[in-house]
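Heads up, the thing below is written out as structure tokens.
The values are calculated or read from the model by the stated rules, or taken from the named source; none is laboratory data. Predicted model only: the values in this text are computed from it and were never measured. No Cβ is skipped: glycine too gets one built from the backbone with ideal geometry, and neighbour counts run over all protein chains shown. To get the accessible areas, we keep the full protein, side chains included, count just its heavy atoms, and leave off ligands, DNA and RNA. Shrake-Rupley method; radii C 1.70, N 1.55, O 1.52, S 1.80 Å.
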Amino acid sequence: MTKKVVLKLDVHDIKDKQKAMKAVSSLSGLESLAMDMNEKKLTVIGNVDPVDVVNKLRKSWHAEILTVGPAKEPEKKKDDDKKKTEEEKKKESEKQIAELLKLYQSYNPHCTQYYPVYSSEEDPNSCVIC
């Protein structure tokens, strides 16, 4: 059974990161290996023992096990709800903008709308006979 192990690792630069990943990659049963340098977290996915991973890393760095769990998290149906709510939010914002535009035009009836005017000199495909 594959496990997802998240470790907090005390690394300071890219060289330490490479050494840590190389040390862990020598373990058998490893599927995926990722390192987040901002949070200093190492994520190991595979059929490995978390204690073995920590023992490999503790030779050079201070390592702590944060979480151990299944590799795949069950899919949630909330993603569909989020998409629907985002679409609804976009529609609401468009309605609000249209309503504000109508209110502004009723407040200022001399509001001018600009239409693009192209001259024959600007358009190279136009036909002008002089």
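Screening Lys78 against (1) modelled with pLDDT under 90; (2) surrounded by 10 or more Cβ atoms within 10 Å (Cβ to Cβ); (3) under 30 Å from Val5 (Cβ atoms) leaves a single unmet condition, (2). So which residues in the stretch 28-43 are at pLDDT below 90 and under 11 Å from Val5 (Cβ atoms)? Residues satisfying the conditions do not exist here.
Pull up the stretch 81-130, narrow it to residues that are acidic (Asp, Glu) and open to solvent by less than 90 Å² (accessible area, probe 1.4 Å), then point me to the one that is modelled with the highest pLDDT.
Taking the stretch 81-130 first, the residues acidic (Asp, Glu) are 81, 86-88, 92, 94, 99, 121-123.
Next cut, open to solvent by less than 90 Å² (accessible area, probe 1.4 Å) only: 81, 123.
Details: Asp81: 62, Asp123: 70.
Only one residue fits best here, namely Asp123.
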